[in-house]
Amino acid sequence: MLDLLPDLFDEFAEHLTLVAAPWRQFGAKRIFYGQVVTVSCFEDNSRVKELLATPGMGRVLVVDGGGSQRKALVGDLIAQSALDNGWAGIVVYGAIRDVGTLATLNIGVQALGSVPIKTERRGLGDTGVTLNLVGVTVNPGDWIYADDNGIAVSREALPIIEQD
């Protein structure tokens, strides 16, 4: 399967909301989906690192970084931790770094862009909160579906038909 979102929107448009932002793919896993875990943080990835070091169970971490392109909220070490802990993907409304390495990791990573500068960890950020990304509400427990066509959110799990 090379595309997920077009098929989902054809079949389940009434259940999906497109999160229309200029997303870019960074991980080697081009199609990913899972139940949402949320974090809101601005230029401090303390909570991101903490969450992705816990069992992911196929979930997707959605990070509201306020759209900042000044500091990277995810890099290669944090993404590797997420992969090792069973997370399906990471969506960052902000920046990431280590793009060459992220492209080799079998995890979904989408973000607005990249920057080589890491954050200072000050222990700031909120987890398990409702996010508003470009006018779209994303709640903990929602479902995220992502591919090269973009990112969509659903309040419920949708059936995925795996195709070769």
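The values are calculated or read from the model by the stated rules, or taken from the named source; none is laboratory data. None of the values given here were measured: they were computed from a predicted structure. Here the Cβ is made from the backbone with ideal geometry for all residues, glycine too, and neighbour counts use every protein chain on show.
Confirm whether VAL62 is under 22 Å from PRO116 (Cα atoms), of a type in the set (A, V, I, L, M), in contact with a helix residue (DSSP H, G or I) (Cβ under 8 Å, 6 or more places away or on another chain) and crowded, with 23+ Cβ neighbours inside 10 Å.
no
For the range 1-17, how many residues meet the condition of being under 11 Å from ALA146 (Cα atoms) and at pLDDT 95 or above?
Of the range 1-17, the ones under 11 Å from ALA146 (Cα atoms) are 3-6, 8.
Among the residues that remain, those that are also at pLDDT 95 or above are: 4-6, 8.
Looking only at that region, the number is 4.
Taking the range 23-45 as the region of interest, how many residues are assigned to a loop (DSSP other than H, G, I, E, B) and surrounded by 21 or more Cβ atoms within 10 Å (Cβ to Cβ)?
4
So, in the range 131-164, of the ones that are out of contact with any strand residue (DSSP E or B) (no Cβ under 6 Å at 6 or more places or on another chain) and of a type in the set (S, T, N, Q), which residue ends up surrounded by the fewest Cβ atoms within 10 Å (Cβ to Cβ)?
GLN163
Mind counting the residues in the range 1-57 that are closer than 26 Å to LYS71 by Cβ, within 14 Å of the chain's Cα centre (by Cα) and of a type in the set (Ser, Thr, Tyr)?
2
For a quick check of your reading: which strands (runs of 3 or more DSSP E) sit entirely within the range 46-164 and have at least 2 residues that are of a type in the set (Gly, Ala, Ser) and in contact (Cβ under 8 Å) with a residue 12 or more places away in the chain?
Because the criterion is at least 2 residues that are of a type in the set (Gly, Ala, Ser) and in contact (Cβ under 8 Å) with a residue 12 or more places away in the chain, the strands (runs of 3 or more DSSP E) in the range 46-164 that meet it are 89-96, 108-114, 150-154.
Within the range 67-94, can you find the residues that are farther than 22 Å from PRO55 by Cα and surrounded by fewer than 24 Cβ atoms within 10 Å (Cβ to Cβ)?
Within the range 67-94, GLY67, SER68, GLN69, ARG70, LYS71 qualify.
Do any residues in the range 32-44 that are over 19 Å from LEU73 (Cα atoms) and touching a residue at least 12 places away in the same chain (Cβ under 8 Å) have Cβ atoms under 7 Å from those of residues that are among the hydroxyl-bearing types (Ser, Thr, Tyr) and crowded, with 20+ Cβ neighbours inside 10 Å, where the two are at least six apart or on different chains, and which pairs are they?
Within 7 Å, the pairs are TYR33/TYR145.
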